[in-house]
1. Please go through the stretch 88-115 and pick out each residue that is touching a helix residue (DSSP H, G or I) at 6+ places or on another chain (Cβ under 9 Å), in a helix (DSSP H, G or I) and open to solvent by 60 Å² or more (accessible area, probe 1.4 Å).
2. What's the number of the condition residue 132 fails, among (1) touching a Gly at 6+ places or on another chain (Cβ under 7 Å); (2) surrounded by fewer than 13 Cβ atoms within 10 Å (Cβ to Cβ); (3) not hydroxyl-bearing (Ser, Thr, Tyr)?
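The values are calculated or read from the model by the stated rules, or taken from the named source; none is laboratory data. In this text, all values refer to a predicted model and were calculated from it rather than measured experimentally. Using ideal geometry, Cβ is built from the backbone for each residue, glycine included, and neighbour counts are taken over all protein chains shown. Ligands, DNA and RNA are excluded from the accessible area calculation, which covers all protein heavy atoms including side chains. Shrake-Rupley method; radii C 1.70, N 1.55, O 1.52, S 1.80 Å.
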Amino acid sequence: MKDKERDQKIKKMLIGLWSIFIIMLAFLAVFSVLNWKDIKQDLFKGKGVLITEDRSGEINILIAAYLEGLSNTDDNTLMRLVLDPTQFNDMTVVKSRSKVITQYNNIVCYIVDGLKENTYIVFAVTNITISGVDSTPLDILPPFLVVKDDKGRYWIDNRPKDKETEEYIDEISGDSGIQEIYKKVMDDQERCVNEDPTFKNFYEKLY
C-alpha cells in the first residue's frame, strides 16, 4: 500500500515537473517570437557574409536624409551627415543630378559589418523618380561606408577609402546574397523597360 502511495506521489511530481517544463518552453517560444519581431531580419548568408535588412532603423534614417538632401540640393543637410563636409562646398554635380533624379522613395538598406568595429557597408535600394519618366524603377546606389562614433551617432564616411576597404567592398559585392539584391533591381528595371516607353527611352540613352 505504501509502495502504491509512493508511486502515485512520484507520478504526480513528474507530471508537475513536465507541466512546468512545457509552460517554460511555451514562454520561451513566445519570448523568442517577440524578440525576433524587434530584431532586424538577417536575410542572406551567401558565402559567409551576413546581410541585415533595415527599413526604419538609424542607418536607414541617415541614408534617407542624405538622399533627400541630394534631391533637394540641400548642402546644409548633406554637410551635417558626412565626415567630410567640404565635398559639398561645390554643389554643381549634385544640382545636375537632381535635375534628372528628382526623388528617392521606399528606401531599404542592406547592411554588412565593415572591417573595423562600428563600421558598416550599406547597399541602399530605392525607387527613383526620374524627370520625364512615368515609372519609378528600383535602383541600387554605390555602397556607403557608415561609421558610428563614441556617442552612438551614425555618419556617412565620404572620405577617400583605403585599399583594404575598397578590396573588402569589392569582395562582399560579389557575395551571392548581395548579387541577389542586384538581380532584383535589374529585374525591376527590365520590367520597366518592357512596360514603360518613357523609361525605355531613358534607359537606352544611358546604355
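1. 97
2. Tallying (1) touching a Gly at 6+ places or on another chain (Cβ under 7 Å); (2) surrounded by fewer than 13 Cβ atoms within 10 Å (Cβ to Cβ); (3) not hydroxyl-bearing (Ser, Thr, Tyr), residue 132 fails exactly one: (1).
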